[in-house]
Amino acid sequence: MEISAIEIQILCQRIAESVSDYFVSGLYSMEKGALLRLNHSTKPEKLVAISSFANWITTKNLSIAQATKFVSRLRTQIERDKITSVEQVGNERIARFRFESRKGDKKNLFTEFFSHGNLILTDDADKIMDVESPQTFRHRSLTPGEKYLLPPSRGLALQDVDVQGLRSLHQESTKKGESLYAVKWFGRSIGTSRKFVEEIFARANSNPEKPANLLDDNDLLRLASACQSLIRDLKESQAGHILIPSDESEIEIDVCGIIPRSWNLILEKGFATIRSFPSLSEALDEVQIQALVLDRRRSVSIKARAKAAELSSALAKQSSQFDKNLIASAELRELARRLMAFENSAIVEDQGLIDKLLYYELIDISETSNGQPRFLTEPRSFLKSYTATSLASRLFDEAKRMDSVNQNLKQIMETLESQKDNLLEKTRLQEEKAQRKIVTERRERQWFERYRWFVTSDDRLVVGGRDSTSNSIVINKYTEKNDVVFHADLHGSPFFVLKNRDLSLKWPDDEIALEVAQATVGFSRAWKDELGSADAYWIFPDQISKSPPSGEYLARGSFFIEGKKNFIRHVKVELTVGLTTMSKIPKEDKTALDLKNDLEKPDSEQVIVVCGPDKSISGICFSIVRIAPGKEKGSEFARRLKQQLVSRIKDEDAKEMSKKIQVDDIMRVLPSGAYKLVSEKRNQ
C-alpha cells in the first residue's frame, strides 16, 4: 500500500482540526496499531486510528479485545493528557501527536508509516521514553534513552516543488552525468509515492522514458504545475477510493483520495476493481476492517487448513499411485497378449520384453533355480525356465493384483476426499462465524455517557460527575429546576442528578431516593475508604449556590448548599455491574419499561458495561455481578469481573459479543479504589 507523505500531511491536518482541546480518555490495541479514544467536556467523543500505514478519524470500532504490552504501557503515560497538535514531520510518512498533562508535562508520540510501522513515545526534548519495536539503523537508533531522529531525507517534499527547485535538482543531476529516464530521476528527486510520480507525468503530458538530461525548461514547468494541481486535488477531495486486486492479480491493495490514472489502466486490464467512499477516512476504515477480518479468519482456521493441506498432499500421492497402477496394469496385459503369440525361443531374443520385466521387477534376485539365486545379469537364462504361456499367466496375475490395489486406493481416496471436504466446510463455517462476530459499527453516544449514569427502576435518568470538572458541568449545564440533586454527606462525593420529566413527581419516593443515594455513596470517597455504609442527602436545584458566603472559598466542582437537606441514613456501600447491548442504552425518549421488555433475550449487537445500584442495573442487564469495597485492584479485578459476567450468559451470540468487551471499559465504570465480588447472578 502506497500512502504518501502528502496524504499523511492531509490526514494529520484533518485530525488536528477535529480534536482541538480533546483529551485522551482511552487507549486500545487494534490490528497492527493503536486506537485513541478522545473526549471533550461538551463535544462528541472522537476515535483516532493509528495503523501501520496511516492515521485518521475513525467512525468504526476497530479495537481488539486484548491490549498489547506496549499499548498498556503507553496508556499509563498519556491517558488523561490533552492533545495539543497533530502534524506530519519532515518529508517522511511520519506523524507527531503532541500531548500535555495537567501538570504541564509534554510528550510526543511519533507514528511511522513505512516498513511495518512503529510507535515511538518521547519527552519534550525528543528523548525516547518507549518504543513499540526497538530497532537500530545506520543513521539512528530507536531504543529507550536515545534521541529520536528522523530518517535521512528521501528528496524534496512534493508540496515544496516549484520550477526553481526542479531546475536546481535537474542541473545537479546533469553535472553528475547521471543517465536516467525522466520518471526515474523525478522519483529519486521528489519524496512521494510511485503512483503520484506516474500521475504527475500523466498530468504534465510528459514522456516518462525521455532521458532526464534532455528535459528542457518547458518540461520542468509542466511537471511543477502538475505537482501543484495534484496537491490541490488531494486537499480538496472529500472522497476516498480503494483499489482492490483481483484474485489472480499480484498488485497490492491501495487507497487514495483521488483515482490516479494508473488505477484506471489497471482497471481496464481487469486486474482490480475500485470502490469509492464519501471520505478518505471511511476508505481507510474499510482497509483496516479487511485486515482485521483476514486476521480473524486466519486465526480460527490456521490449524484446520494445515490439516486440509496434509490431506490434499496424501490424496495427491494416492492419486498418482492409482494412475501409475492403471497404466501398468494395461501394459502388463498387453505384454501377456504378446507372449501368447511367441515361440519359446523367440522370448529370449525379445530385449523389449526383458526390459519391461526388469522395469516391473518381475525378474530379481529372489527368483531361484535349484535353490540358488538367479541374478539380474542373466535374465535370458531365467526366461528359459518359463514357457510363454506360464509367463503370460504370471503377467496377467500381476495386472490383477494391481487392479485390486487400485480398488483399495480408490476407497482410500474417497475417504480422504470426504475428510478434506468436511474439514474445509467446517473451516468455512468457522471463518464465517468469526467474521460475523467482528462488529465494527459504532453507535452515536448519548450526552450522559460522558458521566456516571443509570436508569432508576421507575423510568428516570440519573447522571453524576466523575471528577470536579464534570461535577460542575452536570450541575451547571444539565440540572433543571424540576430535577433532584443528591450528594453524600462526606468530602469527595460526586453530585448525582435525578432527571424529572414528570412535573407532578416533585418529591422522590423512598425506594428511588435509596437507589440514587446508593450510587452517590458508592462513587464517593466512601468506597476508597472501605466504609460499610454512609449517609447521603437530596436537595432541590435552587438550594445550590455557585457562590460561597462572604469570606469563604469553594474549590472547583464544589457548591454551597442552602436550606434543608433530606437525609438517607446508613446507605450500604455496594454497587452492581451489568452487561447490556448497545441498542438497550436508554435514549432520552425511551422509557426504562421499554428497555426491560427488550431485554427478554439479548441480541448480538455490541455489548456495553454499566454500573449502579442493584435494583436499577438488574432491570436493564442480562448479566450482573454485585461488588463492594475490597482488596483487589485495577485490571486484574476487571478481568476476573469480565470472566464472571460472560460465564453467566446463556445466549451464545451475546456471550461471544460480550467477550469483546475491553477490560478498560469495565474499569471505566468502576468506582475509584479496590474491590471484591459479593455475588454473581443472571437475570431470568
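Values as computed for the structure displayed
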| item | result |
| --- | --- |
| Residue within the stretch 142-151 that is β-branched (Val, Ile, Thr) and surrounded by fewer than 18 Cβ atoms within 10 Å (Cβ to Cβ) present | yes |
| Scope the stretch 119-154; condition in a loop (DSSP other than H, G, I, E, B), among the hydroxyl-bearing types (Ser, Thr, Tyr) and either outside the structural domain of Glu92 (by TED's automatic domain parsing) or farther than 23 Å from Leu36 by Cβ (or both); matching residues | Thr143, Tyr148, Ser153 |
| Helices (runs of 4 or more DSSP H) wholly inside the stretch 605-684 that include at least 3 residues being closer than 27 Å to Leu531 by Cα and of a type in the set (Val, Ile, Thr) | 663-669 |
| So Ser281, is it among the hydroxyl-bearing types (Ser, Thr, Tyr), surrounded by 15 or more Cβ atoms within 10 Å (Cβ to Cβ), modelled with pLDDT under 85 and in a helix (DSSP H, G or I) | no |
| Among the candidates Tyr28, Tyr22, residue that is crowded, with 19+ Cβ neighbours inside 10 Å, outside the structural domain of Asp467 (by TED's automatic domain parsing), touching a His at 6+ places or on another chain (Cβ under 9 Å) and of a type in the set (Phe, Trp, Tyr) | Tyr22 |
| Single unsatisfied condition, Gln238 versus (1) in a loop (DSSP other than H, G, I, E, B); (2) without any contact (Cβ under 8 Å) to a residue 40 or more places away in the chain; (3) within 37 Å of the chain's Cα centre (by Cα) | (2) |
| Residues of the stretch 620-660 satisfying the condition of being surrounded by 22 or more Cβ atoms within 10 Å (Cβ to Cβ) and over 11 Å from Leu579 (Cβ atoms) | Ile627, Ala638 |
| Strands (runs of 3 or more DSSP E) within the stretch 39-94 that include 3 or more residues surrounded by fewer than 21 Cβ atoms within 10 Å (Cβ to Cβ) | 82-88 |
| Conditions (1) farther than 22 Å from Glu515 by Cβ; (2) in contact with a Pro (Cβ under 8 Å, 6 or more places away or on another chain); number of the one not met by Ile620 | (1) |
| Per-region count, the stretch 170-217, residues over 29 Å from Glu252 (Cβ atoms) and part of a helix (DSSP H, G or I) | 9 |
| Of the criteria (1) farther than 30 Å from Ala674 by Cβ; (2) at pLDDT 90 or above, which one Pro548 fails | (2) |
| Unique residue being in contact with a helix residue (DSSP H, G or I) (Cβ under 9 Å, 6 or more places away or on another chain) and closer than 24 Å to Thr273 by Cα when the list is Leu243, Leu180, Leu166 | Leu243 |
| Condition met for Thr136 (touching a strand residue (DSSP E or B) at 6+ places or on another chain (Cβ under 6 Å) and either at pLDDT 95 or above or surrounded by fewer than 18 Cβ atoms within 10 Å (Cβ to Cβ) (or both)) | no |
| Set Ala54, Ala49: member being touching a Gly at 6+ places or on another chain (Cβ under 7 Å) and hydrophobic (A, V, I, L, M, F, W, C) | Ala49 |
| Those residues of the stretch 87-118 which are in contact with a Gly (Cβ under 8 Å, 6 or more places away or on another chain) and closer than 18 Å to Pro144 by Cα, in sequence order | Thr111, Gly117 |
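The values are calculated or read from the model by the stated rules, or taken from the named source; none is laboratory data. Since the model is a prediction, treat every value here as computed from it, not as a measurement. Here Cβ is always computed from backbone atoms with ideal geometry, including for glycine, and neighbour counts include all displayed protein chains.
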